[in-house]
1. Evaluate the Kirkwood expression for the hydrodynamic radius of chain A, namely the inverse of the mean inverse distance over all pairs of different C-alpha atoms, and round to one decimal in Å.
2. Specify whether the C-alpha gyration tensor of region C:115-218 places it in the rounded, prolate or oblate class, a ≥ b ≥ c being the square roots of the eigenvalues: rounded for a/c under 1.5, otherwise prolate if a/b is larger than b/c and oblate if not.
3. Using the crude model of +1 on Lys and Arg Cβ and -1 on Asp and Glu Cβ, and no other charge, please compute the dipole size for chain C relative to its Cα centre, in debye to 20.
4. Could you compute the longest span of chain A free of GluC sites (Glu not before Pro) located in DSSP loops and having at most 15 other Cβ atoms within 10 Å, not counting the site residues?
5. What does the convex hull of the Cα atoms of the protein assembly as shown come to per residue, in Å³, rounded to a whole number?
6. What does the extension gain come out to for A:GLU237 and A:ASP151, with contour length at 0.36 nm per residue minus their alpha carbon separation?
7. Using a 1.4 angstrom probe on the protein heavy atoms only, could you order C:ASP74, A:ASP45, A:ASP149 from most to least accessible area?
8. Can you list the lysines whose alpha carbon sits under 29 Å from that of A:LYS10, skipping same-chain ones fewer than 8 residues off?
Amino acid sequence: MSIWEYANPKKFIATTTPLVPWVMGLAIACLVVGLVWGFFFTPDDFRQGSTVKIIYLHVPSALMAINAWFMMLITSLIWLVRRHHVSALAARAAAPIGIVMTLIALITGAIWGQPMWGTWWAWDPRLTSFLILFLFYLGYIALWEAIEDPDTAADLTSVLCIVGSVFAVLSRYAVNFWNQGLHQGTSVPVATGERTVSDVFFVPLVICMVGFGVLFLGLVLIRTQTEIRARRMKALEARMRS
Amino acid sequence: MMPDLGNYAAEVLTAYALSVGLLVGLLVLSLRRSRKVSAQLAEVEARKDRADV
Amino acid sequence: MIALLRRDLALAVRAGGGFGLGLAFFLIVVVLVPFGVGPEAELLTRIAPGILWVAALLAALLSLDRIFALDFEDGSLPLLATSPLPLEGVALVKGIAHWVTTGLPLTLAAPVLGFLLNLAPSAYLWLLLSLALGTPALSMIGTFGAALTVGLRRGGLLMSLLVLPLYIPTLIFGAEAVRRGADGLDPSTSLLMLAGITLGSFALLPFAASLALRVNLR
């Protein structure tokens, strides 16, 4: 029994179908608890007032925007090396979720920035890198849509994803070099174990991050199943026509 | 029930409304497409089975 | 490889499009900017490095889709793929040929256009140097983009969408080097990064481009 058994599309659908309601249930439960806790039961920050509540949307969506691209990179590599169709289709399924997460992070950031920094948008390194990430997602999705043949599309988007990742990291450093920012440093530094966010805000924030993560997982499962079915349908129709 | 959001009520509420709206929209679109494709696949499979017999 | 390079260069010269159109586009963009922002010399001096770099980048983008499209249409691309020269080499030569036909003329023309934008006198050397170091990277990244979209009808617009985000680091370091040069600061960090991007793209992107070409020729 190895993990690669799940690369069989039939097996993947059979295994994940009963899982989806549980995953989605857990995601919605976490999000409801986290967001309600954050929205109703946390105090206002003494400097930022009630805008601090935006953190429960902003940080988790930003986190997932990056992780979604990371997951696409890994599945693209798996597709190029082992040629499992499920892997390529999972990357395709994840891209629109990633772009929505990026959009949420940008929108909530703009709404938060307006009262705090007095501007909707600043060419700050973090903000700029997210805008660049958004452009990368757009290009990736556009390439998927443009190519008819599914295998060609999977190959080319995988190559684009890998090259894009290198340039995305490069852009991140270039942008840092280019401008000093308004944005505060990381809110949840894992390596140092220190926190810049106090405990009152931290617990609901973690619940929200788990919620966004599980929601992402559930959506990827649903959308991957859809892609697998759509592909099988295309193949069947092609066979019947011939 | 509503917490006092002070001066920034409009900002906080728009941020929540837009984000939740986007997430729900994504979820609804994913589910709807999933249903549609499943139904279409079932139909195509049925047609194939008839053709095979 | 040399023979292929000669052939591509000869084709570009004979068609005349490579040199002429890119340069004319570069000129027109630079001429349009003062109409957009107003003729104050000080303002133009300040934005000149960025404008020159963005204009050069767009001019290089313009001719990218011709890199593989012509060979793909007349069927010489599959022939090149089966030749003893590895496809990675083909991609590399195509990138170099594109640079010689667009990047090099753009670099040489940039100082002349600098006069139009009232570029600071101390910046000319750095403009020349940064474009000379940076435009090869633009050509090679563009070759990769062209390889990705070679099989598509109307791939040009899609290719711009794919290639422009990849140009961001090159643009940042290139314009930064000229800006620092204009302000009398030391631009060597930006120039080193620029050279790094160029060398890195020439080392790695031919492999990605040839992979994309193989997929498209399948």
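The values are calculated or read from the model by the stated rules, or taken from the named source; none is laboratory data. Bear in mind that the values here come from a model prediction, so they are computed numbers and not experimental data. Don't worry about glycine lacking a Cβ; one is built from the backbone with ideal geometry, like all the others, and counts go over all protein chains shown. Keep in mind that these areas ignore ligands, DNA and RNA; they rest on the heavy atoms of the full protein, side chains included. Shrake-Rupley method; radii C 1.70, N 1.55, O 1.52, S 1.80 Å.
1. Working: mean 1/r = 0.0510 Å⁻¹.
Averaging 1/r across every pair of different Cα atoms and inverting gives 19.6 Å.
2. Working: a/c = 3.68, a/b = 2.18, b/c = 1.69.
It is prolate, given that a/c is not under 1.5 and a/b is the larger ratio.
3. Working: 12 positive and 11 negative charges, 99 e Å.
With Lys and Arg at +1 and Asp and Glu at -1, about 480 debye.
4. On the way: sites that count: A:GLU148, A:GLU194.
So the longest stretch without any such site is A:1-147.
5. On the way: hull volume 97.9 nm³, N = 513.
It comes to 191 Å³ per residue, whole-number rounded.
6. 29.3 nm
7. On the way: C:ASP74 105, A:ASP45 35, A:ASP149 75 Å².
Ranked from most to least accessible, the order is C:ASP74, A:ASP149, A:ASP45.
8. Correct list for A:LYS10: A:LYS234, B:LYS36, B:LYS48.
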